[in-house]
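Here the structure comes first, spelled out in structure tokens, and everything after it is commentary.
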Amino acid sequence: IHQQLTQAKMSTTTFDEGAMTLILRHSEGNLRLCRNLCMGSLIEAARDTQKTVTITHVNHVLVQPHWRSHQQLLKQQAIKETSA
């Protein structure tokens, strides 16, 4: 991540420590997931007109359905069906 930020001539402090840890934990070593999570988080920070990505920005991306596991989505759908 730091190498890509340097290459893009961005500050290596663009992601705070908490956001970086959360991104690395959720990407599980998958570079594509890491890249997509970083990009989504940068977009969220831009929406808030902030120059530093925080845990809040990463969490906004992670709550979107395509970041949830298949099991989580099935469980959520079952809860909706039982409450309807």
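No value in this document is a laboratory result; all are computed from the given coordinates. Just so it is clear, the model here is predicted, and its values are computed rather than measured. Every residue, glycine among them, receives a Cβ derived from its backbone with ideal geometry; neighbour counts consider all protein chains shown.
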Between ARG35 and THR82, take the C-beta separation as r, use R0 = 30 Å, and let me know the FRET efficiency to the nearest 0.05.
0.20
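By how many nm would the segment from GLN4 to THR49 lengthen if fully extended, with 0.36 nm per residue of separation less the alpha-carbon distance?
Gain in length upon complete extension: 14.1 nm.
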Taking the Kirkwood radius as the inverse of the mean 1/r across Cα pairs, report the Rg/Rh of the chain.
1.08
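Over the chain, what is the mean sequence separation of C-alpha contacts under 8 Å (at least six apart), divided by residue count, expressed as relative contact order in percent?
Values: 60 pairs, mean separation 21.6, N = 84.
Relative contact order for the chain comes out at 26 percent.
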Choose one of ALA19, HIS2, ASN30: the residue whose Cα lies farthest towards the positive end of the charge dipole of the chain (beta-carbon charges +1 Lys, Arg; -1 Asp, Glu; about the Cα centre).
ASN30
Extension length gain for VAL63 and GLU28 (0.36 nm per residue less Cα distance), in nm, is 10.9 nm
Between beta-carbons, use under 12 Å as the cut-off and find the net charge around SER41, counting Lys and Arg +1, Asp and Glu -1.
-1
